[in-house]
Each structure stands twice: as structure tokens, then as C-alpha cells.
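Structure first, commentary second.
Readers should treat all values here as calculations from the given coordinates under stated rules, not as data from a laboratory. Remember, it's a predicted structure, so these values are computed and weren't measured experimentally. Note that each Cβ is placed from the backbone with ideal geometry, even for glycine, and that neighbours are counted across all protein chains shown.
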Amino acid sequence: MSQSKRFLKCLAGVWILACLTILPGVAFAEDQRVQALLAEMSIEEKVGQMTQITLAVLFDENMEGGIRLDPAKLKEAIHTYHVGSILNTGSRSLTIEEWHEVIKTIQDEAMKANVPIPVLYGIDAIHGVTYTVGSTLFPHNIGLAATRDADLAAKIADVTAKETRASGIRWNFDPVMDIGRNPLWSRFEETFGEDSYLAGVLGAAMIAAYEKDDLSRPDAVASCMKHFVGYSDPANGKDRTPAYIADVELWEQHLPSFGVAAAAGASTAMINSASINGMPVHGSRELLTDVLRGKLGFDGLIVSDWQDVKRLHSRHRVAESPREAVRMGVEAGIDMSMVPHDFSFADHLVSLAKDGEISEERLDRSVATILDLKMRLGLFDNPYAEPEAVSNFGLPEYQELALEAARQSITLLKNEDKILPLARDARVLVAGPAAHNLGALHGSWSYTWQGRDEKAYPESTLSFVEALIERARVSEVGTNRITTMGKPDFEADENVDANQLTRLADNADVIVLALGEHAYAESPGALDDLNLPAAQRQLAAAAVATGKPVVVVLFEGRPRVLGDIPETAAAVIQAYRPGSRGAEAVVDVLYGEHNPSAVLPYSYPRYSGDITPYDRRVLADIQQLKPGKVTYGGYKPAWPFGHGLSYTDFEFDNLRLDRDVLERNESLTVTVQVTNTGARAGDKIVELFVSDLYASLSPAHKKLRRFARVSLQPGESETVSFQLTAENLSFVNAALEWVTEPGEFRVAIGDLTATFDFVDK
């Protein structure tokens, strides 16, 4: 069987097809206008629409401070190369007024062209709008996944869309639909974690909120599902390096989230910069055309990632020349190349088209897609910042949403002897590299690409220490109750000075350590070792040695292996990258002003050499430690997927199935009673897992199939109901077909289980 046929067979699974039935056919909203424009355009003008450059190409080399575009460079881009899209910004954030001026300058020039076509501007607004002064930054997707709240995800996407459009920008390179299976990967924080179902639910909610029901609305932007496909699971964990993914795992773990995103109406898709099993995705017609276009039914714009068409030659070495790289990428299915530093793509593609190596009809397909998107975004009607959009920027309620989202994302991993919430008047010593540092709270794409520039953050953004001191002041217990050490520089030796911590601990009732990672984006975040840095672990050991209770707060984009901290610390809080109001949210949890409810979106590894996801195949649970002696329990994370504590207690009871046998066209109703048995109100995330007990391939231990959040007062109960169908039981078999095989299945909610049989009738 050919590779392309194996792709198609695999993706014919009922689970994906159920999503795809709602996809519209390929049809352009303004087809007549598109065709009229195409008829006017030269080959050079068409190729220009397929060319995307970074804004820095247009900078005035003599500028000091602000952003100033060189008129000659802009004219060259627009009138010589007919550039259709621009992205990014310079080395600093811009005010929306500066953005408006940049956009106006570009669009004014575009309107002077022989065939006036507005420029489509794009930006990576991954967790709120980056590169924009005063925008609202929310928890990164990994923290958002911990909330298990699709409505919250939609609200965040709605605000992000509003603030992006207010800047005059109408294309957002988000959501990231890659599945976070390898925590070494430096873009892990941009994912929704290790489960494809969870990623699909949250990603689809964000796409709908980005795009609304009409892209021309002043509160909508085009979304971008990325990075198709397999980007997040490199073999060595390094960004933009090869992945070696078994076919079954690729089909079952990595493709479904993109199928859901396509079905949700994502207008654009960005491609995996690396390769799968030796094949660069940017050069794979099988993946981009046969699968993404053909089977997934995606009819939007396919854009390359940064320099990745030319890298088919320079890095992957599958194209013998830069010109051949362009031919390969376009023939594979790329509509627009993020070149981005020059016009080489345009030069090569014009040459290829005029020499007949790429047909003009092929160009027309891409250009029609690009023009249609611009029309649907309303750029032909008004390419400038719209007053009604500008009025949506920086509203007070956005900050309240940021605070609420951060609160909901924080995950309580351990709370020995109920050390938390802290006593109101407790004397607290705060230490650790993340205590004073803003970058650690925000991570990547936070006003700057790396998120490390402390001066880029608004004055209103509080560090963790500042939030603790502010709370002490407001609560009138006295700021003398908070003792701090260290400085904002994350790497400063003062932040991990164990001797100073030991001296200061004498006057403390509890030690709070703010540990984790400095901000990073993409390749600069590469790791050779998943362990938390030794200096931080030594600081924690010194804190424990004082005999005082130690509370560890983790500000990190991926789970760093903690050594003995899970055993020795009294409490552990996972804050992820909580964003603009993250420090305040953590303080609210520490003092019990917010009751935590979030749960892990990944398995938190105990050992750097044991990265095992929760949905491992059952064989992963078997270990032979001695000859002839088999033991069970190979899944040994520090904390499992779905783990998360509360300041109250919940019980599950009365797990019931409405039938013992499920047939092909039926549905199964699963109900469970949830009771708050504790003394305070709280939210409980209810997760339904399904296990296929016997199958033609060794089955997964379990798979998340449904989840819900309930809010309960003390003593209150609620019955939660879920629906399952045959499609929810499917897996990819050895023939790369999505199948649901007859047999026994087990459902699990908490510690409760029940079984039923599936019969194929």
C-alpha cells in the first residue's frame, strides 16, 4: 500500500469523519470579485500575493528609537514584488497608535499599486496580543488546558481577537494544535497538553471565538491552526528537529486535533518546520494536499513557517537549489511563503511559472484563496484600523478576565497536612528566581518574542513578591510579615543563595519558593536536561532543612523534573505561565481567597528518563525487574494527568450506564453523582475515561472522552451526564483504519468504574 493511501485509510476513521461532516465545500465568498482580480493580475502580481515578509525588511536603517519605514524599501516591496502579506514587528512593542501608523503607511502604498490589493498583516497573539503596549496577556494554552473550560478559552480568544483587530491587524497565528507529548520541546507551553481530545475541544472553541460568524466584523480575526503536523514530538526534544513517529501514533495522537480545527472553520494553517520520518512537511504533497486538503477538507490558506520553504534546500537538503525548494513547496501545497527576510521566493516562483515548471493555474488556486480571505476580512472595504475596533482595546473587564483565567488555571499538586491556605498573619519568607521576575510569569510571546524584557511589561504588572506585599498591605497584617530575597534577574546568584535563605528562615513561619523557568520562545528554550536546575533544587533542600514548612510555586512552561521536592515540600502549586494577573492569582490561592480546581493537562514526570503519557499502551505498565518476576505500575509520574487538589473535598457516587450493550448507531448515557463533602464551596472537574479492554492492537490504558466542570456549595450534590457513541470508542488499527471493534469497554470517573459491551449492529 502506498504511503498516501495509508494516510487516507487512516483518516477515514469515524471519529474524524463525524467532525468533517460539517465542513463546507470549497467555495469563495466573493468568487466573482476574486476571478475578476485574477484576470487583471500578472504572474508577478500573483506571486507577490503568495509572498510574506517580516516588517524589519522595510525599516529605515537610520531610525533611532521608534518605528520608521523606509519609503524606498516599501515601494520596492509593494510595487516591484507586489508583497501580499507582512508579519511581526521590530525589537520592541508598539502602541496601538504606532501600529495604526505602520498599517496606514503600508496600506496607503498598497492602494497605489497597478492592481490595488490590501496587505494582510499577521502576528503571533498566542496568549493575548504580543508586540502591543498595554495589551492583555492571559495564561498560556498549557495553563488554559488545566481549566478544562472551553467557555473560558472562548472568552480569552474573543478578547485577543478584539485587541488584535484594534491594532489594525486581522490575522492571528493561533491556536497551536500540536499535541504536547514531549516536555523537552521548547514550545510546550503553547500547546493544550498531551491529550488530542482536550486540544480539539479547546482549540475549536478558540477558533470560533477568533473568527466569529463573519470575519469582516471589527471584533474578529482569521485564526491559524498550527503547526501541521507532528512538530511537537521531535526525537531529541529540540525545536525544528526531526520527529520519528510511528504511523499509528501519528494518525491517532497528532492528526485528530487538526481535523477538529479544520471542521471548526480555521481560515489558515501553518506548517511544521521540521520533518517526520525523514520527510520535511513543507515538501510533502501527501500531507499538505492529500491529507490536509483532501481528507481533512481544509479549504483555507496554507502558510509556511519562518524561512521553511528555502530551508528545504539549506537545512533539509531535499531540494538541490533554492529554486527547487520553491517548486517543491508550492507543488506540495504551500499557498504563502513566510520568506521572510528577502524576496527570493518571489524571484524563484516567477521564474518557475514563466518557464512552465509551475502552471499559472496552480498559482491561481493559491492566490484565489488569499484574495478570498482578504475580502472576507473586509480589507478591500477598509484596510485600516477601524474606529469601532479601536474602541475595544484595553477595557477594564479584560484585566478581570485575565485574573479569573489565571485563578482557574492554577493547579494544587500537593497540600500536606493542609498547610494551605496560609494563615492570614503567617510570617512568610519568599525566595527563588521567579519571585521578582516578570518573564517567568508570562513566558514566550509576551510583548517581546522571548518575553524576557522586564521593561516591556506595564508598570501595573506585579511580580510575585509585589503581589504578596500588596496583599499584606491591603489585609492590614503588615508588610513586615513578608521577607524577601533575590532580585529580578532570573539568573542572579542572589536568587538561589541557600546560606541567606537559612539565615532569613529564623524569622519565618513558612517558606515560599518561586521556582521554575525564565521566559523563552522556540529554539532559545532548548534543553539538554529536563531536571530543574541544580541550584534551585539545592535551594529547596536548604529550605526543607530549616524545618519550616516549604511551599513550592512553579512558574514554568513545561514540567521540569523536581528531584525529591514532591516528597519533601509541604505543598506544591503549578502556576504554569499565568500572565498579566498571574502573581495576584497565585497569592489568592495561597491565602485561600480562591479555591483551586484546575487539573494537570499532562503527566508530570518523576524522572527525566521516563516521559510516559497517561494514555500509554497497557504494555507500558508492565516491568520485569527480576528474571521471571513481572510487576505492574510502569506509569510512575510525580503526578498523573488529570491530578489536581482543592481546599474542599468531593466524592463520586452512583456511576450508572443506561445500557449494558451499545450498538453502532446508538448512544450510551453515563451519569455520576458529585458531592461536595467539604466545608467550603468549590469547583470540581469531572473527567470520563474509556478503556478498550481487548483489541487487535494493544489498547491504550485509557482515553479521555468527556469532561465537565461543576460548582458546588458544601453538602451540595449534582448529577453529571455524558453521552458516548461508537465513534468515541474508535482507535487506529494496524491497517491505519479508524475502527471500533466489538468487545468489552470500561468507563472510569475518579475511582468508579463500570463496563459495557459494544456490538457492531
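Could you work out how far the C-alpha centroid of region 371-386 sits from that of region 288-348, in angstrom?
25 Å
Dipole magnitude of the chain about its Cα centre, charges +1 at Lys/Arg Cβ and -1 at Asp/Glu Cβ only, in debye to the nearest 20? The partial results should precede the final answer.
Working: 73 positive and 106 negative charges, 264 e Å.
Roughly 1260 debye for the chain.
Can you say what percent of the DSSP beta bridges in region 3-390, counting only those with both residues inside, are antiparallel? Round to 5.
Around 15 percent of the beta bridges assigned by DSSP in region 3-390 are antiparallel ones.
Using only the alpha-carbon atoms of region 650-759, report the extent along each of the three principal axes, biggest first, to the nearest angstrom.
Extents along the principal axes, in whole Å: 53, 22, 17.
Output the Kirkwood hydrodynamic radius of region 94-179, Cα pairs only, in Å rounded to one decimal. Walk me through the intermediate numbers first.
Values: mean 1/r = 0.0705 Å⁻¹.
Hydrodynamic radius (Kirkwood, Cα pairs) of region 94-179 is 14.2 Å.
If you average 1/r over every pair of different alpha-carbon atoms in region 334-414 and take one over that average, what Kirkwood value in Å do you get?
Values: mean 1/r = 0.0572 Å⁻¹.
In region 334-414 this quantity evaluates to 17.5 Å.
How long is region 3-390 along each principal axis, judged by its Cα atoms, biggest number first, in Å?
52, 49, 41
Nearest 5 is fine: what % of DSSP beta bridges in the chain come out antiparallel, could you say? All intermediate terms of the calculation are to be shown ahead of the outcome.
Values: 53 of 95 bridges.
The answer is about 55 percent antiparallel.
Which whole-number percent gives the relative contact order of the chain, counting Cα pairs below 8 Å spaced six or more residues apart?
On the way: 1830 pairs, mean separation 109.3, N = 761.
About 14 percent, as a whole number.
Using the Cα atoms of region 272-358, I'd like the radius of gyration and the largest Cα-Cα distance, Dmax, both in angstrom.
Both quantities, over Cα of region 272-358: 12.2, 34 Å.
Which whole-number percent of Cα pairs in the chain have a distance greater than 40 Å?
Working: 99831 of 289180 pairs.
Of the Cα pairs, 35 percent sit more than 40 Å apart.
Out of the GluC sites (Glu not before Pro) in region 529-636, which ones are loop residues according to DSSP with at most 16 other C-beta atoms within 10 Å? Write down the numbers at each step before the final one.
On the way: sites: 556, 567, 584, 593; in loops: 556, 593.
Passing both the DSSP loop test and the Cβ count: 593.
Less than 24 Å apart at the alpha-carbon level, and either on another chain or at least 8 residues along: which lysines does that give for residue 455?
Cα-Cα hits under 24 Å: 487.
Taking each pair of different alpha-carbon atoms in region 410-590 once, compute 1/r for the pair, average those values, and report the inverse of that mean as the Kirkwood hydrodynamic radius in Å to one decimal. All intermediate terms of the calculation are to be shown ahead of the outcome.
Numbers: mean 1/r = 0.0620 Å⁻¹.
That comes to 16.1 Å for region 410-590.
Would you work out the charge dipole size for region 3-390 about its Cα centre, treating the Cβ of every Lys and Arg as +1 and the Cβ of every Asp and Glu as -1, and quote it to the nearest 20 debye? Intermediate values should be presented prior to the final figure.
On the way: 37 positive and 55 negative charges, 149 e Å.
About 720 debye.
Can you tell me the 0 to 90 degree angle between the C-alpha axis of helix 322-332 and the longest principal axis of the chain, rounded to 10?
Rounded to the nearest ten degrees, it is 80.
Roughly how many whole Å is it from the C-alpha centroid of region 61-121 to that of region 406-432?
48 Å
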